[in-house]
Amino acid sequence: MKMKDEVLIVGAGPAGLGCAVALHACGVRARVLDGAGVGAAFAAWPRQMRLLTPSFHSGNFGCVDLNAVTPDTSPADFLHTQHPDGREYARYLHALAAHYEIEVETPVRVTRVVPLNSGGFSLETSAGMRDARFVIWAAGEFATPDFGGIQGAGLCRHASRVADWDEVAAEGKSFAVVGGYESGIDAAIHLMERGKEVVVLSRGEPWAMDDPDPSRSLSPRTRDRLRAALLEAPGRVRFFKNANITRVERHEEGYRLFNDEGTAFACPTAPLLCTGFHSALEAAPVRGLWEMRDGQPLLSEAADESTLHPGLFYSGPSLRHRGMLFCFIYKFRARFGIVARAIAQRMGLEWEVPLAKWRELGFMLEDLSCCAECQCAVEAEPEVQPEVLPYAAVVAV
Ligand SMILES: Cc1cc2nc3c(=O)[nH]c(=O)nc-3n(C[C@H](O)[C@H](O)[C@H](O)COP(=O)(O)OP(=O)(O)OC[C@H]3O[C@@H](n4cnc5c(N)ncnc54)[C@H](O)[C@@H]3O)c2cc1C
């Protein structure tokens, strides 16, 4: 059956572009479709937000910049900064797409991916139907915030919808942040720096997690910023653990947040939800196209491919293998070469030599044992933690 395209990639973020360049190395010209443009998710980040992962160029010594999407580029070298903000990182992605002449069609929103009985896929898009033999779903998570199942979440503001922390800070003197992982602490720091009183309410006590996997504990950059804010910021923060917020209501003087036992906490400004994102594999256009195991979408270890519909691949931060979250660029890029190899092989193309550099520099991770063994030889030093109160101690109304 003749397809219009051999390979369609949905999403022109780091995952989609990285896979496109790896395929390009093997002689495959993949077409990338994006509903909003190259690097659109990064361009929509709050103005003050920066990558947590540091950029540093040292490619000659075999250490690729942690935020690079290909083995031979570096955001640090391109942007001359260590922690690019969203707009800067989007510029790096634009430069990459231009340099490798990646064909990006935009704005083209994919609304449904339909596997064909005869093999291949048909894509319903805002620009009509597209057919392809292989599809790489690289649509990211940023467009699908998770509101934490909170009733009345519509009254709140999800942190990913903040354009500028100066504008948020102008709304009042005190704020409630729901969620205590990276984006919750980031929100608290921005508000403290602007002289605000902040209450962080979280299930468990995520800010105190000490785990050798940086996907499960606060990044060094966030810890540095929090320490500095606790010492120097004009504002103040209080941490409340075991706060399972389930409901938010409007109240004449502001808002009320309720936990699962109905204890209410009053806040004068719209609560900030830092409750994460839905998996890209649960997005409507591809829902149901992955086998589910233990409540999680399953991808093949051999090629990050749907086990139900061969030829449909995934690349990006929702990737998981053996319990390991591939949610940073340096993690999910480690599989670009794997996806490219699977497609090149099936097209009968040479991949060994074209992808040699990708394998050598960590962009073609075959041995997933790193997912099971994440230990540092030397134990972490104990750290002084900020004062934390149980939710029951919140001033109830
Ligand atoms: C707030 C936040 C901070 C992060 N900070 C870091 C960090 O410091 N370091 C790090 O390594 N990682 C970080 N990550 C994780 C990861 O880098 C990002 O999630 C990254 O953007 C993932 O790349 P991606 O290409 O999968 O998705 P995205 O960059 O989100 O790109 C997806 C693209 O797909 C397009 N798209 C979506 N749906 C469709 C559709 N249906 N049809 C057509 N196009 C579509 C979008 O317009 C977008 O351009 C962060 C993530 C978030 C959300």
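Values for this structure:
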| read-out | value |
| --- | --- |
| Fewest-first sequence of VAL237, VAL248 by Cβ atoms within 10 Å of each Cβ | VAL237, VAL248 |
| Structure-based [θ]222 nm, the chain - -39500 (n - 2.57) summed over DSSP H runs of at least 4, per residue, nearest 500 | -6000 deg cm²/dmol |
| Candidates per GluC sites (Glu not before Pro) in segment 270-356, loop by DSSP, up to 11 other Cβ within 10 Å | GLU350, GLU352 |
| Efficiency of FRET from Cβ geometry, GLU124 and MET292, R₀ 22 Å, rounded to 0.05 | 0.40 |
| Normalised convex hull volume, segment 1-146, alpha-carbon set, Å³ per residue | 121 Å³ |
| Stokes-Einstein D for segment 75-212, Kirkwood Rh over Cα pairs, 10 °C, 1.306 mPa s (µm²/s) | 83 µm²/s |
| Net +/- balance of residues flanking ALA302 in space, Cβ distance below 13 Å, scoring K and R +1, D and E -1 | -2 |
| Residue with peak Gaussian network fluctuation, the chain [Cα springs, cutoff 10 Å], from LEU96, LEU116, LEU17 | LEU116 |
| Which of CYS19, CYS274 has the fewest Cβ neighbours within 10 Å, and the rest in rising order | CYS274, CYS19 |
| Built amide H within the under 5 Å cut-off of MET324, gap 5+ | none |
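Just so you know, all these numbers are worked out from the coordinates, no wet-lab data involved. The structure displayed is predicted, hence computed values, not measured ones. Positions of Cβ are backbone-derived with ideal geometry, glycine not excepted, and every protein chain shown enters the neighbour counts.
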